[in-house]
Amino acid sequence: MNSNTFSTVQKNLEARGYRVQCFSKAEDAVRYLDRTLDGQTIGFGGSMTLEEMGLYEVLAPHNTVYWHQRIPEGQTSQQVRLSANTAPFYISSVNGLAETGEMINIDGNCNRVASIFYGHTKVYLIIGINKLAKDYESALYRARHVAAPRNAQRVGAKTPCAISGDRCYDCQSPDRICRGLSVLWGKPMTGEFEILLIQEELGY
């Protein structure tokens, strides 16, 4: 992503009501969140972006963080997901971001897409340059045919997309992970939203 494109994306997101922060490296974004969030209760959405950043390990020592990718002993995944969805702060990513400002997510349990939409004091969405697409149609294509097959492979789903790794087959497999699609055309009316754009590839 060149600097002009980066500036255009930021401008288009701000026009849709979001606060936007830009970072050259993921580690800079981690330091920013580490300074900003202290003594808070935070929910994490399922995200390889957050995994690759090591964000949980940085925030958990001085915040209460709920993430079903780190389930404490004695709790279930469902319990952790529910706690994450009721936390005042929520951090996740997206599967596709259009240069025009639309953000797209595909989800299996749909806790992540539901939680991004509503219920938190503030939502942070962390987005690497690989999630960027030219327009809405391209961002939707990326979410369906790039991100979803890679996530299906990651979780070991027995679906056509996981086997082939090339595209979505719109299957009816019981292992299908693309069960819900969300599009943010603009900032929801309630709650704060801050988008962290990073000039590195992160996640799927």
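The values are calculated or read from the model by the stated rules, or taken from the named source; none is laboratory data. Since the model is a prediction, treat every value here as computed from it, not as a measurement. Here the Cβ positions follow ideal geometry from the backbone for every residue, glycine too, while neighbour counts run over all protein chains shown. Protein only, heavy atoms only, side chains kept; ligands, DNA and RNA dropped before computing areas. Shrake-Rupley method; radii C 1.70, N 1.55, O 1.52, S 1.80 Å.
A simple rule links phi to the HN-Hα coupling: the Karplus curve 6.51 cos²θ - 1.76 cosθ + 1.60 with θ = phi - 60°, which for segment 10-24 gives 4, 4, 5, 5, 5, 5, 8, x, 8, 7, 10, 10, 10, 9, 6 Hz, with x for Gly and Pro.
Other residues within the sphere of radius under 11 Å centred on the Cβ of TRP185, judged by their own Cβ, net out at +1 (K and R +1, D and E -1). Using just its DSSP H runs of length 4 or more, each adding -39500 (n - 2.57), the chain gives a mean residue ellipticity at 222 nm of -9000 deg cm²/dmol after division by all residues. A simple packing score, the average count of other Cβ atoms within 10 Å per residue, orders the peptides 109-116, 180-187 as 109-116, 180-187, with the highest score first. Relative to the current alpha-carbon distance between GLU27 and ILE129, full extension at 0.36 nm per residue lengthens the span by 35.3 nm.
Ordering of 165-178, 50-63 by packing is 50-63, 165-178, highest average first (other Cβ atoms within 10 Å, averaged per residue). Using a 1.4 angstrom probe, figure out how much accessible area segment 27-138 has per residue, in square angstrom, rounded to the nearest whole. So segment 27-138 comes to 41 Å² accessible per residue, rounded to a whole number. Under 14 Å from a point 7 Å along the Cα-to-Cβ line of MET189: which residues of segment 91-129 have their amide N that close? Once the point is set 7 Å along Cα→Cβ of MET189, 118-119 turn out to lie under 14 Å by backbone N, inside segment 91-129. Protein heavy-atom surface of the chain, 1.4 angstrom probe: 48% of the accessible area is carbon and sulfur, with nucleic acids and ligands not counted.
Between [x] 16.8, 52; [y] 18.5, 53; [z] 16.2, 49, which entry matches Rg and Dmax of the Cα atoms in Å as derived from the coordinates of this structure? Evaluating Rg and Dmax of the Cα atoms in Å on these atoms matches [z].
Sites listed here are trypsin sites (Lys or Arg not before Pro) in segment 1-41 whose DSSP assignment is loop and whose Cβ has at most 15 other Cβ atoms within 10 Å: LYS25. The phi torsions of segment 25-40, fed into the Karplus equation with coefficients 6.51, -1.76 and 1.60 and a -60° offset, translate into couplings of 10, 4, 4, 5, 5, 4, 4, 4, 5, 5, 6, 7, 10, 9, x, 9 Hz, rounded to whole numbers, with Gly and Pro shown as x. Once you keep just the Cα pairs under 8 angstrom separated by 6 or more residues, what percentage relative contact order results for the chain? Reported relative contact order: 29 percent.
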